[in-house]
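Taking it in order: structure first as structure tokens, then the write-up.
The values are calculated or read from the model by the stated rules, or taken from the named source; none is laboratory data. All of these numbers come straight from a predicted model, not from anything done at the bench. Reconstructed Cβ throughout: ideal geometry from the backbone, glycine too, with neighbour counts over all protein chains shown. Remember, those area values only see protein heavy atoms, side chains included, never the ligands or the DNA or RNA. Shrake-Rupley method; radii C 1.70, N 1.55, O 1.52, S 1.80 Å.
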Amino acid sequence: MTRGRFITLEGGEGAGKSTQIALLKAALEAKGIRVLTTREPGGSEGGEEIRNLLVNGETHRWEPLTEALLNYAARHEHLQKLILPALNDGTWVLCDRFADSTMAYQGYGHTMNREVIRRLHRLVVDDISPDLTLIFDLPVEQGLARAGSRGEGEDRYERMGSAFHERLRAGFLEIAKKNPMRCSVIDATGDVGAVAMAVTAEVAQRLGVDL
């Protein structure tokens, strides 16, 4: 059986990942591809419990290392119980955030020692890597305005201030620059349809699927 493809969607707050992951799923399924959508932190039952600890509450409730450890604890559960079984079964997995978010949020946003994060990554994730990472980029002010208009709660990171989010955006762009074979930056400033076209074009070109 052919292994499924693993696509991750990354970016700052309000970048539109949730909308685009649903549209990409529909586009792939229209071509007869089995697709599983999931998210981080979360995905598994234990991961969702950890998510609640990370995305709610006061902005300074955790030290950066604590946040990184919580993210990788959730990621281990997610990989073992959901992502890897699905990929091995031939299902394509679309994941709203993965390890790049930990590096961007904790390593760049919180200015945590990035080598510590890399060590955690090697311990938990080892050589498991997405086939394609789409990094949705837009100005911080625009992203925070979009995120604030949702009114969905889970706003702990949104409340961390513009300086944090500027470092976060710069971090994602640097990650993309360092990993050009895996990462593609998507201009997320356009309307939903324009962004969706950019996403499907990139997936088609990078992964050889007719969308």
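Calculate for the chain the 222 nm mean residue ellipticity that helices alone would give, adding -39,500 (n - 2.57) per DSSP H run of length 4 or more and normalising by residue count, nearest 500 deg cm²/dmol.
Working: 9 runs with 103 residues, N = 211.
Value at 222 nm, helices only: -15000 deg cm²/dmol.
Can you give the FRET efficiency for residue 127 and residue 76, using 1/(1 + (r/R0)^6), R0 = 22 Å, r = Cβ-Cβ distance, to the nearest 0.05? Don't skip to the answer; put the middle values down first.
Working: r = 15 Å, r/R0 = 0.67.
According to the calculation, E is roughly 0.90.
Which entries in 17/177; 31/177; 81/177 show an alpha-carbon gap greater than 29 Å? Can you show the working numbers first?
Details: 17/177 20 Å; 31/177 31 Å; 81/177 31 Å.
Flagged as over cut-off: 31/177; 81/177.
Roughly speaking, what is the stretch gain from residue 88 to residue 111, that is 0.36 nm per residue apart minus the C-alpha to C-alpha distance, in nm to one decimal? List each step's numbers first, then the result.
Numbers: separation 23, 0.36 × 23 = 8.28 nm, distance 3.58 nm.
The residue 88-residue 111 span can extend by a further 4.7 nm.
If amide hydrogens are placed 1.01 Å from N in the peptide plane, which non-local residues have theirs closer than 5 Å to the one on residue 36?
It is 92, 93, 94, by chain and number.
Please give me the summed charge of the neighbours of residue 136: other residues whose Cβ is under 13 Å from its Cβ, Lys and Arg +1, Asp and Glu -1. All intermediate terms of the calculation are to be shown ahead of the outcome.
Values: positive: 17, 97, 146, 169; negative: 10, 13, 96, 100, 137, 187, 202.
Computed value for this residue: -3.
Would you mind computing, in nm to one decimal, how far apart the modelled labels at residue 34 and residue 146 are, each placed 7 Å from Cα along Cα→Cβ?
3.2
Taking the chain as a Gaussian network, Cα atoms linked when under 10 Å apart, which of 47, 190, 14 shows the biggest mean-square fluctuation?
Maximum among the listed residues: 190.
Summing Lys, Arg as +1 and Asp, Glu as -1, what charge do residues with Cβ under 15 Å from the Cβ of residue 24 carry, residue 24 excluded?
Numbers: positive: 5, 17, 25, 31, 34, 39, 97, 206; negative: 10, 29, 96, 131, 202, 210.
Charge balance near residue 24 sits at +2.
Once label points are set 7 Å from the Cα along Cα→Cβ at both residue 205 and residue 49, what is their separation, rounded to one decimal in nm?
Result: 4.4 nm between the two label points.
Direction-averaged shadow area of the convex hull around the Cα atoms of the chain, nm²? Walk me through the numbers on the way to the answer.
Working: hull surface 43.4 nm².
Averaged projected hull area, Cα only: 10.9 nm².
Rolling a 1.4 Å sphere over the protein heavy atoms, what is the accessible area per residue of the range 1-59, to the nearest Å²?
Numbers: 2670 Å² over 59 residues.
Averaged over the residues of the range 1-59, the accessible area is 45 Å².
So what's Rg/Rh here for the range 21-129, counting alpha carbon atoms and using the Kirkwood radius for Rh? Could you put the intermediate results ahead of the total?
Numbers: Rg = 14.8 Å, Rh = 14.7 Å.
Here the Rg-to-Rh quotient is 1.01.
Each label point is 7 Å from the Cα along the Cα-to-Cβ direction; what then is the distance between the points at residue 65 and residue 173, in nm?
Using points 7 Å along Cα→Cβ, the separation is 3.1 nm.
What number, in percent, do you get for the relative contact order of the chain if the mean sequence gap of Cα pairs under 8 Å and at least 6 apart is divided by its residue count?
Values: 338 pairs, mean separation 69.2, N = 211.
Dividing the mean separation by the residue count of the chain yields 33 percent.
Which percent of the accessible area of the chain is formed by carbon and sulfur heavy atoms (probe 1.4 angstrom)?
Details: 5130 of 10050 Å².
The value for the chain is 51 percent carbon and sulfur by accessible area.
Can you tally the net charge around residue 13? Count Lys and Arg as +1, Asp and Glu as -1, for every other residue whose Cβ sits under 9 Å from the Cβ of residue 13. Display every interim value, and only then the final one.
Details: positive: 146; negative: 155, 158.
Computed value for this residue: -1.
Quick one: what are the phi-derived ³J(HN,Hα) couplings along the range 69-76, Karplus 6.51/-1.76/1.60 with θ = phi - 60°, whole Hz, x for glycine and proline?
3J(HN,Hα) across the range 69-76, in whole Hz: 5, 4, 4, 6, 5, 5, 5, 4.
Assuming 1.002 mPa s and 20 °C, estimate D for the range 116-209 with Stokes-Einstein, Rh taken as the Kirkwood radius over Cα pairs, in µm²/s.
Numbers: Rh = 15.3 Å.
Estimated diffusion coefficient is 140 µm²/s.
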